[in-house]
Amino acid sequence: MSTRETHSTRKAAASLLAAAGLALAGCGGGEEETGTDVEDVQESEVLESSPAPQEGTTGPADVVAPYNGAYNREFSDDRALYEGQEVTLTGEVEDVVSPNALQLTDPDDVELGSLLVLHDADLPELEDGAVVELTGTLQASLDVAAAEEDLGVDLGDELTDMEGESYVRATEVTVTQQEG
């Protein structure tokens, strides 16, 4: 046998073995199929895609546009949707708690309650009743010690009663109208 014939015979034998291996892999002998084929990949892509959002519905996986508006009941009711996101709020100063903290309120809804706002820089000269616009990140739960460390300021003892409440970690506070 020549070298050429030996080489061809080896190629044919290798091809037969490969084909036999593929044929045996396809015969599961009653066992469940393992691996992924083209159809599985195409089907999983379709199964994993998200359905188009339905108007008027929101869920935890929905992306919510950043809030920019008044601090009011609508914002307060949807507060959980905005946790960890930057928000821009306009409201009235109910109380200046410290040089770095204020309580924001809706003057048209006295039952709403206030929202704590913390800022690392001293707040501008504020009077109770001033209207402010602020931008910051809505935080889910106040931990005074962690907030003091984050801001690099001493917030004092006034905030201990607010532990666990949501608050805004403000990056900017602007007075739009002073009381009076």
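Bear in mind that the values in this text are calculations on the coordinates, not laboratory data. Computed from a prediction, not measured in an experiment: that's the story for all the values here. Glycine gets a Cβ as well: all are built from the backbone with ideal geometry, and neighbour counts include every protein chain shown.
With a simple spin-label model that places each label point 7 Å from the Cα along the Cα-to-Cβ direction, the separation between residue 65 and residue 175 comes to 3.2 nm. In this rough spin-label picture, where each label sits 7 Å from Cα along the Cβ direction, the residue 157-residue 140 distance is 3.1 nm.
Assuming a viscosity of 1.306 mPa s and a temperature of 10 °C, what translational diffusion coefficient in µm² per second does Stokes-Einstein assign to the stretch 99-180, Rh being the Kirkwood radius over Cα pairs?
On the way: Rh = 13.2 Å.
Answer from the Stokes-Einstein relation: 120 µm²/s.
Approximating the spin labels as points 7 Å out from Cα along Cα→Cβ, the residue 77-to-residue 98 distance works out to 3.4 nm.
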